[in-house]
Amino acid sequence: MTHQADAYRIKAEPYYQAQGREVALFEAAYRNRLPVMVKGPTGCGKSRFVEYMAWKLGKPLITVACNEDMTASDLVGRYLLEGGGTRWLDGPLTTAARIGAICYLDEIVEARQDTTVVIHPLTDHRRVLPLDKKGELIEAHPDFQLVISYNPGYQSLMKDLKQSTKQRFAAFDFDYPEATLEATILATEAGVAPELAARLVQLGQTARNLKGHGLDEGISTRLMVYAAKLIRDGVDPADACRMALVRPITDDADIRATLDHAIDAIFA
């Protein structure tokens, strides 16, 4: 088990800048083995935060990118045909429960509700995982913790968590960092000058002001890091911003023209 757990440990410290008390609060949740829900817009640092906390706590991390085709068997495990017989293969949730890892279900609302209910016995006082197909009941390792994330901006009646699921978690609300901190993150992450980072943040905030007025989502910190890296590599700033910040988020000609104009003004 120790060798298997080592395979999932994060070897180097992920770069993460705290926005508030989230690090200490997550540590308190982990000490009490509370399941944690992390909510926030795309590209604001949710996954990086979870990686950082796993590193800081010294725990293995098993990440699952949820999708609508994911079944309960994909999480829990299944029998495989092998050499004329069958062999059981643990899924990522089962592996995490056995070895004492943090299991991170990223964008959980993308999974079907009949799939996500399998986490319920692990997220209350029982801390067990029934393997019905195998006839086994796993008691979660003392170090096991379940973490889920999703973007509330994409919620709908068809894609939301049941209250019976939501009310099993402690929750964190994430958002994009305030301007000064976001510029520091860009400068550090992409290795660019603070002045350039500040201009990119200014552009990002311009786009975020259009959310709900033609844009479904604003420019994420992640995309700004992409643009900064392109500029550092010698790409013209206006070209880098159009390529990394504007074209990925909208096909609307008017919105593109508005953001292109902002790019020209900021990087004139």
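Residue pairs, Cβ under 7 Å, 6 or more apart or interchain, first in the range 241-259 and more than 15 Å from residue 218 (Cβ to Cβ), second among the hydrophobic types (A, V, I, L, M, F, W, C) and surrounded by 13 or more Cβ atoms within 10 Å (Cβ to Cβ). List them.
Matching pairs, first to second residue: 242/263; 243/230.
Name every residue in the range 210-268 that is assigned to a loop (DSSP other than H, G, I, E, B) and of a type in the set (Phe, Trp, Tyr), in order of residue number.
Filtering the range 210-268 down to residues assigned to a loop (DSSP other than H, G, I, E, B) leaves 210, 212-214, 216-220, 233-236, 247-252, 267-268.
Answer for the range 210-268, where residues must be assigned to a loop (DSSP other than H, G, I, E, B) and of a type in the set (Phe, Trp, Tyr): just 267.
Looking at 36, 23, 76, can you tell me which residue is modelled with pLDDT of 95 or more, closer than 23 Å to residue 183 by Cα and among the β-branched types (Val, Ile, Thr)? First the steps, then the outcome.
Working: 36 fails: closer than 23 Å to residue 183 by Cα; 76 fails: closer than 23 Å to residue 183 by Cα.
When all the criteria are applied, what remains is 23.
Quick test of your reading of the structure: residue 117 fulfils all but one of (1) in the same structural domain as residue 95 (by TED's automatic domain parsing); (2) of a type in the set (Val, Ile, Thr); (3) crowded, with 18+ Cβ neighbours inside 10 Å. Name the failing condition by number.
Of the numbered conditions (1) in the same structural domain as residue 95 (by TED's automatic domain parsing); (2) of a type in the set (Val, Ile, Thr); (3) crowded, with 18+ Cβ neighbours inside 10 Å, the odd one out for residue 117 is (3).
What's the total number of residues in the range 124-183 that are under 22 Å from residue 66 (Cα atoms), without any contact (Cβ under 8 Å) to a residue 12 or more places away in the chain and either among the charged types (D, E, K, R) or assigned to a loop (DSSP other than H, G, I, E, B) (or both)?
Within the range 124-183, residues that are under 22 Å from residue 66 (Cα atoms), without any contact (Cβ under 8 Å) to a residue 12 or more places away in the chain and either among the charged types (D, E, K, R) or assigned to a loop (DSSP other than H, G, I, E, B) (or both) number 5.
Would you point out the residue of the range 120-148, among those that are more than 24 Å from the chain's Cα centre (by Cα) and among the β-branched types (Val, Ile, Thr), that is surrounded by the fewest Cβ atoms within 10 Å (Cβ to Cβ)?
If we take residues in the range 120-148 being more than 24 Å from the chain's Cα centre (by Cα) and among the β-branched types (Val, Ile, Thr), then 128 is surrounded by the fewest Cβ atoms within 10 Å (Cβ to Cβ).
Mind listing just one residue for me: the one in the range 46-70 that is out of contact with any strand residue (DSSP E or B) (no Cβ under 9 Å at 6 or more places or on another chain) and in contact (Cβ under 8 Å) with a residue 12 or more places away in the chain and, of those, surrounded by the fewest Cβ atoms within 10 Å (Cβ to Cβ)?
Step one: of the range 46-70, the residues out of contact with any strand residue (DSSP E or B) (no Cβ under 9 Å at 6 or more places or on another chain) are 48, 52, 56, 58, 67-69.
Adding the requirement that they be in contact (Cβ under 8 Å) with a residue 12 or more places away in the chain leaves 48, 52, 56, 58, 67-68.
Working: 48: 18, 52: 21, 56: 16, 58: 9, 67: 13, 68: 11.
My answer is 58.
Are any of the residues in the range 216-224 of a type outside the set (Ser, Thr, Tyr), surrounded by 13 or more Cβ atoms within 10 Å (Cβ to Cβ) and within 27 Å of residue 25 (Cα to Cα)?
Within the range 216-224, the subset of a type outside the set (Ser, Thr, Tyr) is 216-219, 222-224.
Applying the additional criterion that residues be surrounded by 13 or more Cβ atoms within 10 Å (Cβ to Cβ) yields 217-219, 222-224.
With within 27 Å of residue 25 (Cα to Cα) added as a condition, the list becomes 222.
Looking for residues that are of a type outside the set (Ser, Thr, Tyr), surrounded by 13 or more Cβ atoms within 10 Å (Cβ to Cβ) and within 27 Å of residue 25 (Cα to Cα), one finds at least one in the range 216-224, hence yes.
What tally of residues in the range 192-215 results from selecting those that are out of contact with any helix residue (DSSP H, G or I) (no Cβ under 6 Å at 6 or more places or on another chain) and over 15 Å from residue 245 (Cβ atoms)?
So the answer is 4.
Is it the case that residue 107 is buried (at least 19 other Cβ atoms within 10 Å of the Cβ), among the acidic types (Asp, Glu) and either farther than 21 Å from residue 42 by Cβ or assigned by TED's automatic domain parsing to the domain that holds residue 9 (or both)? Can you show your working first?
Numbers: buried (at least 19 other Cβ atoms within 10 Å of the Cβ): yes; among the acidic types (Asp, Glu): yes; either farther than 21 Å from residue 42 by Cβ or assigned by TED's automatic domain parsing to the domain that holds residue 9 (or both): yes.
In short, yes.
Looking at the structure I just gave you, is residue 199 over 30 Å from residue 262 (Cα atoms), touching a Pro at 6+ places or on another chain (Cβ under 9 Å) and in contact (Cβ under 8 Å) with a residue 12 or more places away in the chain? Please lay out each step first, then the result.
Working: over 30 Å from residue 262 (Cα atoms): no; touching a Pro at 6+ places or on another chain (Cβ under 9 Å): yes; in contact (Cβ under 8 Å) with a residue 12 or more places away in the chain: yes.
So residue 199 does not fit the description; no.
Sort through 76, 38 and tell me the only one that's of a type in the set (Val, Ile, Thr), under 15 Å from the mean Cα position of the chain (by Cα) and surrounded by 15 or more Cβ atoms within 10 Å (Cβ to Cβ). If you could, list the steps in order and put the result at the bottom.
Values: 76 fails: under 15 Å from the mean Cα position of the chain (by Cα).
When all the criteria are applied, what remains is 38.
If we scan the range 26-33, do we find a residue that is touching a residue at least 24 places away in the same chain (Cβ under 8 Å) and closer than 30 Å to residue 227 by Cβ? Spell out the reasoning first.
The first filter runs over the range 26-33 and keeps only residues touching a residue at least 24 places away in the same chain (Cβ under 8 Å), leaving 26-27, 29-30, 33.
With the extra rule that they be closer than 30 Å to residue 227 by Cβ, the set shrinks to 26.
Taking every residue of the range 26-33 in turn, at least one turns out to be touching a residue at least 24 places away in the same chain (Cβ under 8 Å) and closer than 30 Å to residue 227 by Cβ.
Could you check the range 161-204 and list, in sequence order, the residues that are buried (at least 16 other Cβ atoms within 10 Å of the Cβ), polar (S, T, N, Q) and not assigned by TED's automatic domain parsing to the domain that holds residue 68? Before you say what the answer is, go through the steps one by one.
In the first step, residues of the range 161-204 are kept if they are buried (at least 16 other Cβ atoms within 10 Å of the Cβ); the result is 161, 165, 168-169, 172, 174, 176-177, 182-187, 189-190, 192, 196-201, 203-204.
Filter once more, so that each one left must be polar (S, T, N, Q): 165, 184.
Correct list: 184 only.
Suppose we filter 63, 95 for residues that are modelled with pLDDT of 95 or more, assigned to a helix (DSSP H, G or I) and among the hydroxyl-bearing types (Ser, Thr, Tyr); which single one remains? Give the derivation first.
Values: 63 fails: assigned to a helix (DSSP H, G or I).
Of 63, 95, the one residue that is modelled with pLDDT of 95 or more, assigned to a helix (DSSP H, G or I) and among the hydroxyl-bearing types (Ser, Thr, Tyr) is 95.
The values are calculated or read from the model by the stated rules, or taken from the named source; none is laboratory data. It should be emphasised that the depicted structure is a prediction, and the values quoted were computed from it without experimental measurement. Positions of Cβ are generated from backbone atoms using ideal geometry, with glycine treated the same way; all protein chains shown enter the neighbour counts.
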